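Trainee: Pasting a structure here, questions to come.
The values are calculated or read from the model by the stated rules, or taken from the named source; none is laboratory data. No experiment lies behind these values; they were computed from the predicted model shown. Methodologically, a virtual Cβ is constructed for each residue, glycine included, from the backbone with ideal geometry; neighbour enumeration extends over all protein chains shown. Heavy atoms of the whole protein, side chains included, go into the accessibility calculation; ligands, DNA and RNA do not. Shrake-Rupley method; radii C 1.70, N 1.55, O 1.52, S 1.80 Å.
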Amino acid sequence: TAAWCITCLVNEKVAFSEAAVHQAFAQRHVTYLVADWTNRNPQITALLAAHGRSGVPLYLYYAPGAADPKVLPQVLTSGAVLAAIGSR
């Protein structure tokens, strides 16, 4: 995410702040990590490039036991997040 990323800010309000998402994360022991690319951190830039992206948003879900993360859509809903983690 980045402070100037409108899509990121909307996704935070629409998808990640929903009570159902918080509850599903807690039940499934999902840890929500945020990488702030506001100042173009080189490590985040490398992660974006590794997933074929030149900028944010990039949402990755690392499922238990999975070799690779699941790349979520750039525009999210709470339903999309719940589906990605298998809660729907």
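Trainee: Within the stretch 53-68, track down each residue that is within 17 Å of Thr1 (Cα to Cα) and open to solvent by less than 70 Å² (accessible area, probe 1.4 Å).
Mentor: Arg53, Gly55, Val56, Pro57, Leu58, Tyr59, Leu60, Tyr61
Trainee: Among the residues of the stretch 60-88, write down those that are outside any loop (DSSP other than H, G, I, E, B), under 11 Å from the mean Cα position of the chain (by Cα) and over 16 Å from Lys13 (Cα atoms).
Mentor: Of everything in the stretch 60-88, those that are outside any loop (DSSP other than H, G, I, E, B), under 11 Å from the mean Cα position of the chain (by Cα) and over 16 Å from Lys13 (Cα atoms) turn out to be Leu60, Tyr61, Lys70, Val71, Leu72, Ala84.
Trainee: If you don't mind, there's one more thing I want to ask. What about Arg40, is it part of a loop (DSSP other than H, G, I, E, B), without any contact (Cβ under 8 Å) to a residue 24 or more places away in the chain and surrounded by 14 or more Cβ atoms within 10 Å (Cβ to Cβ)?
Mentor: The answer is no for Arg40.
Trainee: Okay, moving on. Could you grab me the full set of residues in the stretch 11-37 that are over 15 Å from Ser87 (Cα atoms), surrounded by fewer than 17 Cβ atoms within 10 Å (Cβ to Cβ) and in contact (Cβ under 8 Å) with a residue 12 or more places away in the chain?
Mentor: Answer for the stretch 11-37, where residues must be over 15 Å from Ser87 (Cα atoms), surrounded by fewer than 17 Cβ atoms within 10 Å (Cβ to Cβ) and in contact (Cβ under 8 Å) with a residue 12 or more places away in the chain: Val14, Tyr32, Val34, Ala35, Asp36.
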